[in-house]
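S.K.: Sharing a structure with you now.
The values are calculated or read from the model by the stated rules, or taken from the named source; none is laboratory data. What you see is a predicted model, and the numbers here were worked out from it, not measured in a lab. No Cβ is skipped: glycine too gets one built from the backbone with ideal geometry, and neighbour counts run over all protein chains shown. Protein only, heavy atoms only, side chains kept; ligands, DNA and RNA dropped before computing areas. Shrake-Rupley method; radii C 1.70, N 1.55, O 1.52, S 1.80 Å.
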Amino acid sequence: MTESMRRLRRGTVVAVALLALAACQSTPTTPPLLDLPPASARIGNGAPDLERWWTAFDDPTLVALVDEALAHNLDLRAAMARVDLARANLLLARSYLYPSVNLGVDSSRNRMTLVGPQPLPANFNPINNDYLVGLRASYEVDLWGRYRQGADAARSELLATRYAQETVRTAVAAETARSYFALLAADVELALLRDTLQSREETVALQRDLYEAGVIGDYDLQRAQAERAAVAANVAVAERAVGTYESALAAILGRSPRAVFDPQIARDATRVRLLGVPEVASGLPSDLLERRPDVRQVEAQLAAASLRIDAARAQYFPSLALTASYGSESAALANLFSTAGLAWGIGASLLQPLVGLQAIEASVEAESARREAAVVSYVQTVQTAFRETHDALLANRTTREALAAQAERARKLEVSLELAELRYRSGYSAYIDVLDAQRQLLQAQTLQILAARDVRFALIDLAKAMGGGWDYKAEMAAQ
């Protein structure tokens, strides 16, 4: 054996060893470990039921609207369709793990030339018939787990779409509640402005009587009329806000275009009802990452990307295909199913890629890049989860403090307005002091309404940040 042949043999052995070593490699499917903050919440002590957290507001109208949205929202229906597509892809991937069996029925009729290069006897029949009926089976042995890993990847992708559906579900429930409470706040603000407008009109009528009687001058009358006009402008803005929230909520509920154009949203908008909000436990739940469906989604996507790498790497190695056939073939249709026409065959083939390895390498590198992107997506999603929870906990505390302060301010300004009106009627102060007190009270009452709305928004964000809106324990058990 020459030296060049020995080198070639050694190189071949090394290449085979490297391929075998690569076949034994397995890409980890678990997400990376991250530096997480310590848990501190006691979910269940004072906190709303996170599966149906909207029931904690004790508002039957809200419960009915959320149920309607979860049944008819178009984004949620689209997510359900993507789950069905992923389920079909899983069935397709699993089909490669089993043999394929086909029933073949063939027939042919042809005529041979009598004047070809090989002369035929004069009595030879140039017309030939052939009939064939048989079963054909083929099966590629999954030696390196290529198809098994592909099926596992498809299963992880199905899980990802199911978690994506739950992510949409939590978002739909939260957006429905936000739109509902924004609409209630707009209703209450509109009612306050209309009451204020009526009061301003009464004030203008009174000031006109005083002006005509010569008690006050034109300045006080003009200021009263200007104040009434300012409130009238705010009423128009509030009416527009109510109409906008109604159509937005109708769209979230998945109603028809006609119902969106002419929305009919039943609700009980009272100031007392808006100002009352439930209490919740503060802190960070220990199972936050399990509760959040978006985190579970990126975990499943990461697992699928890892399995796709192993499936792509398996293309380096030989594939073993088995074939078999069984049937009957005859030149005469009457003899097709006779014993003499029986035909069968079996075969096996081993195929080792020698050319095109660069394409396989490119496929492995592409899947590796997708996995790296999935890792980054996982880290970003976890980061977002803790940021949203932090912000929601902070908002839950600060918005309640702001609501208490706005409520106290409104109470003080009510007393201040009574004193200003008394001083004005007694001649101790000018009418401008009454107008200033009226404006401050209206502003404080408006801010109190918005503060109550923001408290509800904060509670919605907190429930969403903690993964509320789906039965995650039952879903995890089912997986």
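S.K.: Go through region 270-322 and tell me which helices (runs of 4 or more DSSP H), entirely inside it, have 1 or more residues that are surrounded by fewer than 21 Cβ atoms within 10 Å (Cβ to Cβ), at pLDDT below 75 and not hydroxyl-bearing (Ser, Thr, Tyr).
M.R.: Those helices (runs of 4 or more DSSP H) span 271-275.
S.K.: Among the numbered criteria (1) at pLDDT 85 or above; (2) surrounded by 19 or more Cβ atoms within 10 Å (Cβ to Cβ), which single criterion is violated by residue 418?
M.R.: Result: residue 418 passes all but (2).
S.K.: Among what's in region 462-479 and is open to solvent by 60 Å² or more (accessible area, probe 1.4 Å) and assigned to a helix (DSSP H, G or I), pick the residue that is modelled with the lowest pLDDT.
M.R.: Per the stated criteria, the residue is 478.
S.K.: Please work out which one of (1) touching a residue at least 60 places away in the same chain (Cβ under 8 Å); (2) of a type outside the set (D, E, K, R); (3) over 30 Å from residue 280 (Cα atoms) is the condition residue 424 fails and give its number.
M.R.: The single condition residue 424 does not satisfy is (1).
S.K.: Return the total of residues in region 112-155 being among the polar types (S, T, N, Q) and touching an Asp or Glu at 6+ places or on another chain (Cβ under 9 Å).
M.R.: Here the count works out to 1.
S.K.: Counting only residues that are closer than 30 Å to residue 439 by Cβ, of a type in the set (Val, Ile, Thr) and touching a helix residue (DSSP H, G or I) at 6+ places or on another chain (Cβ under 7 Å), how many does region 370-412 have?
M.R.: Qualifying residue count for the region: 1.
S.K.: What are the pairs with Cβ atoms under 6 angstrom where one residue, in region 457-479, is at positive phi and the other, located anywhere, is buried (at least 20 other Cβ atoms within 10 Å of the Cβ)? Sequence gap at least six, or different chains.
M.R.: Hits for this filter: 467/291; 467/292; 469/169; 469/170; 469/173.
S.K.: Scan region 109-120 and give yes if some residue there is in contact with a helix residue (DSSP H, G or I) (Cβ under 9 Å, 6 or more places away or on another chain) and either touching a residue at least 40 places away in the same chain (Cβ under 8 Å) or in a strand (DSSP E or B) (or both), otherwise no.
M.R.: No, because not a single residue in region 109-120 is in contact with a helix residue (DSSP H, G or I) (Cβ under 9 Å, 6 or more places away or on another chain) and either touching a residue at least 40 places away in the same chain (Cβ under 8 Å) or in a strand (DSSP E or B) (or both).
S.K.: Then there is this: In region 233-268, how many residues are in contact (Cβ under 8 Å) with a residue 24 or more places away in the chain, open to solvent by less than 60 Å² (accessible area, probe 1.4 Å) and touching a helix residue (DSSP H, G or I) at 6+ places or on another chain (Cβ under 6 Å)?
M.R.: 10
S.K.: Return the total of residues in region 430-452 being more than 17 Å from residue 203 (Cα to Cα) and either among the hydroxyl-bearing types (Ser, Thr, Tyr) or touching a residue at least 40 places away in the same chain (Cβ under 8 Å) (or both).
M.R.: Total satisfying the criteria: 8.
S.K.: Would you point out the residue of region 124-164, among those that are within 21 Å of residue 318 (Cα to Cα) and aromatic (Phe, Trp, Tyr), that is least open to solvent (accessible area, probe 1.4 Å)?
M.R.: So the residue we want is 147.
S.K.: When both residues are 6+ apart or on different chains and their Cβ atoms are under 6 Å apart, which pairs have a first residue that lies in region 371-385 and is open to solvent by less than 30 Å² (accessible area, probe 1.4 Å), and a second that is polar (S, T, N, Q)?
M.R.: 374/301
S.K.: Sticking with this structure for a sec: Can you find a residue that is farther than 25 Å from residue 276 by Cβ and buried (at least 20 other Cβ atoms within 10 Å of the Cβ) anywhere in region 439-457?
M.R.: Looking for residues that are farther than 25 Å from residue 276 by Cβ and buried (at least 20 other Cβ atoms within 10 Å of the Cβ), one finds none in region 439-457, hence no.
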